[in-house]
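Structure first, then comments.
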Amino acid sequence: METGDILKASNSLRGSLRAGSLRSGSSSVWRNSAVDVFSRSSREEDDEEALKWAAIERLPTVARLRKGILTSSQGGANEIDIVNLGWQERRTILERLVKVADEDNERFLWKFKNRIDRVGIELPTIEVRFENINIEAEAFVGTNALPSFLNFITSIFEGLLINMGILSSRMKKLTILKDVSGMIKPGRMTLLLGPPSSGKTTLLLALAGKLDPALQFSGSVTYNGHTMKEFVPQRTAAYISQYDLHIGEMTVRETLAFSARCQGVGTRYDMLSELSRREKQENIKPDPDIDVFMKAVATEGQEANVITDYIMKILGLDMCADTLVGNEMLRGISGGQKKRVTTGEMLVGPARALFMDEISTGLDSSTTFQIVNSLRQTVHILNGTALISLLQPAPETYNLFDDIILLSDSVIVYQGPREHVVSFFESMGFKCPERKGVADFLQEVTSRKDQMQYWARKDQPYRFITANEFAEEFRSFHVGMKLGEELGTPFDKTKSHPAALTTKKYGLGKWELLKACFARELLLMKRNSFVYIFKIIQVRTNHF
């Protein structure tokens, strides 16, 4: 598929939403797969709910996507306006779908998936490939790198002399990643392991399209066979940083709601319109709770969306939803909760590829397990793509992953199924002790300081094996050979869903973005009203 085809598909998708009506080609990207089997809902309906649903079905498509049936706690079915959902209504929806995150989230996701599958709609998937990536940086070393006044003045004069060709640069090249290749498959959880300074963050940034342009990059990164220039990777994928940067005067709910509002709904609206059309055609009545949820998350421009409440529930932030995030001068949530807010800011968006950097910092092992398990359910059921970097994960969390990528000294030592990683190192003469966590073993077995304790061939003298030697041997290992064959076979672009890659730079129109930013600034002015009032009085006093 060429760039023009993707642009054309994207424009046809969003065009229906801008015009307020569904044209015949607006949801064509969701009509790729044939409907083989249709099944009617097994939910028993009372007469009142059936009559209200029949009335909604008679509405035009656009109006039908704005209406839903919500069953109250007393059991009564009420027709609601999706655009004007209140706080109590959003809470009722979540209570009915995901009352307890640990127990109900997987059941909810399967209901979501089954509704889509029974009308033959195919969800977009993303396969990320990276081949022969080399990343280098030029930097001063030793005392020359210190931010002193003398070094600042010296660097100015050196820069002039270097540009004139009189002096050569004293900066040294540092290799961050060296000839790394691999593949992140959809529907599988991939764990990125490696000791500090091994290049994990740089790899995640390169795959997410957010690499610093000052770095020297070579190689290729493709999504479903398309290069980074053919789409907008910053909106197709979500990079979750290990650093927490938030506005301290906003609450957790306001922070996530602003992020969700700015990122938009992606192709959710167009997918839902096609889903509704097929269900009406086949006379299928969906689960009312799932129907209201899907319509709510597909409604664009809302100040508060049900997806925000859902993500807070999954991340365990519902208990501090109305607490200020805080900063160095303002008391707020804890460090672990801030880390979860950082994760939630990206999860509320429509991106289907997740690159998560050290999301467990500051979290206890049980909370980390809960979050990773929720992500695992989403990736497995909805065929998402996820590459997650963790530092010393607990054995229970480690076992949640399907694939492992081990980085060490700028090279990939192993990449493949989790079940074969221990056998690979055993073939090299290193054995993981029975009571040792595999994740800790993997990060220590390539270390010069810790490698010797895992040497299992007592009849042979030990010698230190470098990361480059491990990487060379992995290419002849059966997992490495299979990976090489897969990388050698180009991705069939015709199998890429037209809605998988985002071609628009912004998730909202300029006017909607302006309204969202203005509403946030007005909120911050109210929170800091004392400062503004004091400044106004001070200015007027000085004037007179």
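Figures for the structure shown
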{"item": "Surface accessible to a 1.4 Å probe, T494 within the full protein complex, Å²", "result": "110"}
{"item": "Whole-angstrom gap from the stretch 458-474 to the stretch 125-186, using each part's C-alpha centre", "result": "30"}
{"item": "For the stretch 145-238, with +1 on Lys and Arg beta carbons and -1 on Asp and Glu, the positive-most of L146, M164, G209 along the dipole", "result": "G209"}
{"item": "Relative contact order of the stretch 98-219, pairs being alpha-carbon contacts under 8 Å that are 6 or more residues apart, as %", "result": "37"}
{"item": "Helix axis angle, 47-57 relative to the chain longest principal axis, alpha carbon, degrees", "result": "70"}
{"item": "Cα radius of gyration and Dmax for the chain (Å)", "result": "26.5, 93"}
{"item": "Computed [θ] at 222 nm, helices only, for the chain once each DSSP H run of length n ≥ 4 contributes -39500 (n - 2.57)", "result": "-13500 deg cm²/dmol"}
{"item": "Long-range HN-HN contacts of T251 with modeled amide H, under 5 Å", "result": "V325"}
{"item": "Lys, Arg +1 and Asp, Glu -1 on Cβ, resulting dipole of the stretch 213-285 about Cα centre, debye, nearest 20", "result": "260"}
{"item": "Cα long-axis angle, helix 149-163 against the chain (0 to 90 degrees, to the nearest 10)", "result": "80"}
{"item": "Sparse-neighbour loop sites [trypsin sites (Lys or Arg not before Pro); the stretch 262-364; at most 16 other C-beta within 10 Å; DSSP]", "result": "R331"}
{"item": "Angle in degrees between helix 101-117 and the longest Cα principal axis of the chain, rounded to the nearest 10", "result": "70"}
{"item": "Sulfur and carbon atoms: percent of accessible area, the stretch 137-293 [1.4 Å]", "result": "60"}
{"item": "Rg followed by Dmax, in Å, when the stretch 94-150 is reduced to its Cα trace", "result": "25.4, 70"}
{"item": "Considering only the chain, percent of DSSP beta bridges that pair antiparallel, nearest 5", "result": "65"}
{"item": "Rounded accessible area per residue of the stretch 170-277, 1.4 Å, Å²", "result": "38"}
{"item": "Listed pairs K510/K535; K113/K229; K52/K295 exceeding 22 Å between Cα atoms", "result": "K510/K535; K113/K229"}
{"item": "Value in Å of the Kirkwood radius, where the stretch 452-541 supplies the Cα pairs that are averaged", "result": "21.2"}
{"item": "Charge dipole magnitude, Cβ of K and R +1, D and E -1 - the stretch 161-282, Cα centre, debye nearest 20", "result": "340"}
{"item": "In Å², nearest 10: area of V83 left accessible to a 1.4 Å probe", "result": "50"}
{"item": "Size of charge dipole - the chain - debye, nearest 20, with Cβ of Lys, Arg +1 and Asp, Glu -1, no other charges", "result": "1260"}
{"item": "Proximal charge balance of N468 [Cβ under 15 Å; K/R count +1, D/E count -1]", "result": "-1"}
{"item": "Accessible area in the full protein assembly, largest first, 1.4 Å probe, for T175, T267", "result": "T175, T267"}
{"item": "For the stretch 463-527: accessible area per residue (Å², 1.4 Å)", "result": "64"}
{"item": "Portion, in percent, of the accessible area of the stretch 385-448 that falls on carbon or sulfur, probe 1.4 Å", "result": "45"}
{"item": "Solvent-accessible surface ranking, highest first, for T143, T61 at 1.4 angstrom", "result": "T143, T61"}
{"item": "Local electrostatic count at L150 - Lys and Arg +1, Asp and Glu -1, tallied over other residues with Cβ under 15 Å", "result": "0"}
{"item": "Length-normalised contact order of the chain in % [C-alpha pairs under 8 Å, at least 6 apart]", "result": "21"}
{"item": "Extreme residue, positive dipole direction of the stretch 223-309, given options C262, N305, N283 (C-beta unit charges)", "result": "N283"}
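The values are calculated or read from the model by the stated rules, or taken from the named source; none is laboratory data. The model shown is predicted, which means the values in this text are computed figures rather than measured ones. Positions of Cβ are backbone-derived with ideal geometry, glycine not excepted, and every protein chain shown enters the neighbour counts. For the accessible areas, the whole protein counts, side chains as well, though only heavy atoms, and no ligand, DNA or RNA atoms are used. Shrake-Rupley method; radii C 1.70, N 1.55, O 1.52, S 1.80 Å.
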